[in-house]
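The values are calculated or read from the model by the stated rules, or taken from the named source; none is laboratory data. Treat the numbers as computed from the prediction; the structure is a model and nothing was measured. When we count neighbours, we look across all protein chains shown, and the Cβ atoms used for this are built from the backbone with ideal geometry, even at glycine. All accessible areas refer to the heavy atoms of the entire protein, side chains included, with ligands and DNA or RNA removed. Shrake-Rupley method; radii C 1.70, N 1.55, O 1.52, S 1.80 Å.
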Amino acid sequence: MIDYPNQLNQEQLRVVMEGSGPVLVIAGAGSGKTRTLTYRVAWLVESDVPLERILLATFTNKAARAMLSRVTMLIDRDLGGMWGGTFHHIAHLILRSQSHLLGYDRNFSIMDGEDSTQLINACVSAQGIHTKGNRFPRGDVLRDIMSLSLNMKISLEEVVEHRYPYFRLCLEDMLRVEKNYTARKKSLNVMDFDDLLLNCKKILYEFPHVLDKYSERFSHILVDEYQDTNMIQAAILDLLAHRHRNIMVVGDDAQSIYSFRGAHFANIMDFPVRYPECKILKLETNYRSTPEILHFANMSIVNNENQYHKTLTPVRGKGIRPILVPVQNATLQAHFVAQRILEMIYEGIPLNEIAVLYRAHYHSMEVQMELTRRGIPFEVRSGMRFFEQAHVKDVVAYMRIITNPRDEVAWKRVLGLYGKIGKVTADKVWKFISGEADPLSAVFSEGFYRSGTRATWPGLLNLRNTIQKCMSDHPGPDVLMIIGTVLENGYEDYLYARYADAASRIEDLEQLAQYSKRFHSLDDFLSELALMTNMTEASETDIRHDAEDRIILSSIHQAKGLEWSVVIMIWCSEGMMPLARALKDPDGEEEERRLFYVAATRAKDQLYLCYPLVDHTRTMGNMMLSPSRFITEIAPLSYERETCPYEQWIVSEEYRS
């Protein structure tokens, strides 16, 4: 038998040995949530609860395997027969034996994301919808929109109105595709990932004998990361738990940050409403961070009105207070981050114990460039490296054409962005312009159109107009002007139709324009880009033998559940943290504050908060920035203020002039 009192603290022990009935466990950051849940499973098994009567729901199969593996080691017993895994895995197990009730064969297939996109594209074609040159969402974007509609239990019309307003004119066609897609899946005997949850709920709700079977079977239900559940997942749990009502959900309302994926914050807040007899237990002892960091984190979340109040209590001894670092601009912010990292390396802190966190992927651009320039290896976990992204390569291709009109690769990349211009037409157009003495002048000749078909003329005309506007600036084109011109002449529409995260990609391009201001000419900018890319490839080769030894660059969303000795938060300014567009949502400020809290609680020993005093945008020019409201809400004694010590000898060209 496990010696529970000697292996758990008092908070954890109470959760593990709690008796019957519904239980809500509010587990603070770094409080040993996974350990507690693991011991709870072990305690149930040792209390002679049959394995097949225990259900463990997690958000990743990896988490379920890890917990069940640890239970096996604790009690030295095979756990075969116990159900543990993701909600989709559990739904799949139920549907394999019950899907015939909904008109599916038991051998139904499960489509992955790529399969779903292909079927949606087939539905678009079947409906006779013309997408070339129109602002109609690509298959994968339409899949995301329909998925959000299902998981949030709101209509497609509402999703488009509130999250994708630029598709309003396409709504009627989108509804036709949705109807056809649903019918086709049924006729083909296939389900996508959303169907697994939706159909599982439907069977449990509409067929009482099935509900009786499974609600009787599972006498104990345990749920991890409950704050991240969507409405369908919560409904499935409530249905399965209605017989015995022995459901223990573990989560942290202060770390609910995934509403954009359909997570329903009200699930955890309203749990006591749905289960009036529930007990609320809290895990507030933190084993991760120093008292100073925890105090800062505790203060950062107090202004959220809708929350379960708790105070994280440290186990560790005294450390240093978080450090606020205002800098002149984004370039100097990157210099500070790189220089401080070099100092930490000299002090013996491993690279993989240092993380740079930010709210949006584009915030990392200057830091990526500076780390590359200094040869500091890093891993980007918020997406691709900045200059490897398709939309960045697209606009850079326009710049390459203007500086080197004989760049075949750039020409063909740009041509491929226009409706109805495929590989064959791009080859013909390139053959024509490359045969002329001045390829750019050739764009304005009659032969330019003749090299394509009549169907491609609108695209070629748009390309000609875009190039003409890019070249009309005096004394010469610059990155800021080219990016603005490309976006305004159709590329912005192209991004919205092609990517669900089009707004973020446009922000990437805004940041690229800001970064370009440090260069005297377009040639200098492109040369630096090429050198940086080659340096990145070389450094990747040099450090391949030790892939773990890298600085981590991550969005806060990607960092949830992780920890580092040192966390450097960048762009801690109004408009960036909280992100301005997130504040448009009625609950946006509170979720943004939870994001800030999540970032702060990732740090074990040191926490830095940086923000630039000046930013530049394409539409507003230079703008003065203020520190994030999440910092100004906190008493100044909770952190130290440091003036960037490198500003005296590292000054960007734009400020030197």
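Can you spot a residue in segment 639-656 that is more than 21 Å from ASN306 (Cβ to Cβ), modelled with pLDDT of 85 or more and surrounded by fewer than 21 Cβ atoms within 10 Å (Cβ to Cβ)?
The answer is yes, given that some residue of segment 639-656 is more than 21 Å from ASN306 (Cβ to Cβ), modelled with pLDDT of 85 or more and surrounded by fewer than 21 Cβ atoms within 10 Å (Cβ to Cβ).
For LEU222, are the conditions met, namely being among the hydrophobic types (A, V, I, L, M, F, W, C) and in a helix (DSSP H, G or I)?
Against the criterion (among the hydrophobic types (A, V, I, L, M, F, W, C) and in a helix (DSSP H, G or I)), LEU222 does not qualify.
Which one of these is of a type in the set (Asp, Glu), out of contact with any Leu (no Cβ under 9 Å at 6 or more places or on another chain), more than 30 Å from THR403 (Cβ to Cβ) and at pLDDT below 70: ASP585, ASP546?
ASP546
Condition first: at pLDDT below 80, open to solvent by 10 Å² or more (accessible area, probe 1.4 Å) and under 17 Å from GLU388 (Cβ atoms). Now tell me which residues in segment 507-531 satisfy that.
GLU528, LEU529, ALA530, LEU531
Right, ILE376: among the aliphatic types (A, V, I, L, M), assigned to a loop (DSSP other than H, G, I, E, B) and surrounded by 15 or more Cβ atoms within 10 Å (Cβ to Cβ) or not?
Considered against the rule, which asks whether it is among the aliphatic types (A, V, I, L, M), assigned to a loop (DSSP other than H, G, I, E, B) and surrounded by 15 or more Cβ atoms within 10 Å (Cβ to Cβ), ILE376 comes out as yes.
Can you go through MET82, MET67 and tell me which one is aliphatic (A, V, I, L, M), in contact with a strand residue (DSSP E or B) (Cβ under 9 Å, 6 or more places away or on another chain) and under 26 Å from ASP212 (Cβ atoms)?
From the options MET82, MET67, the qualifying one is MET82.
Looking at (1) part of a strand (DSSP E or B); (2) open to solvent by 20 Å² or more (accessible area, probe 1.4 Å), which is the one condition that is false for ARG340?
(1)
Mind checking which helices (runs of 4 or more DSSP H) fall wholly inside segment 393-470 and carry at least 1 residues that are surrounded by fewer than 19 Cβ atoms within 10 Å (Cβ to Cβ) and touching a residue at least 60 places away in the same chain (Cβ under 8 Å)?
457-470
I'd like the full set of residues that are assigned to a helix (DSSP H, G or I), modelled with pLDDT under 90 and under 27 Å from the mean Cα position of the chain (by Cα), limited to segment 162-187.
Correct list: HIS162, ARG163, PRO165, TYR166, PHE167, ARG168, CYS170.
Provide a single number: the residues in segment 189-218 that are in contact (Cβ under 8 Å) with a residue 12 or more places away in the chain, more than 24 Å from MET231 (Cβ to Cβ) and exposed (fewer than 14 other Cβ atoms within 10 Å of the Cβ).
Result for segment 189-218: 1.
Taking segment 242-277 as the search range and keeping residues that are of a type in the set (Asp, Glu) and not in a helix (DSSP H, G or I), which one is least open to solvent (accessible area, probe 1.4 Å)? Lay out the reasoning, then the answer.
Our first condition is that a residue be of a type in the set (Asp, Glu); within segment 242-277, this holds for 252-253, 270, 277.
Subsequent filtering for residues that are not in a helix (DSSP H, G or I) retains 252, 270, 277.
On the way: ASP252: 4, ASP270: 67, GLU277: 93 Å².
Among those that are of a type in the set (Asp, Glu) and not in a helix (DSSP H, G or I), it is ASP252.
Output the residues belonging to segment 112-159 that are closer than 13 Å to ASP173 by Cβ, of a type in the set (S, T, N, Q) and touching a helix residue (DSSP H, G or I) at 6+ places or on another chain (Cβ under 7 Å).
Result: GLN127, THR131.
Does ARG316 qualify as being in a loop (DSSP other than H, G, I, E, B) and under 23 Å from ARG641 (Cβ atoms)?
No, not satisfied.
Would you mind telling me which numbered condition in (1) without any contact (Cβ under 8 Å) to a residue 60 or more places away in the chain; (2) touching a Cys at 6+ places or on another chain (Cβ under 9 Å) PHE271 fails?
Unmet for PHE271, out of (1) without any contact (Cβ under 8 Å) to a residue 60 or more places away in the chain; (2) touching a Cys at 6+ places or on another chain (Cβ under 9 Å): (1).
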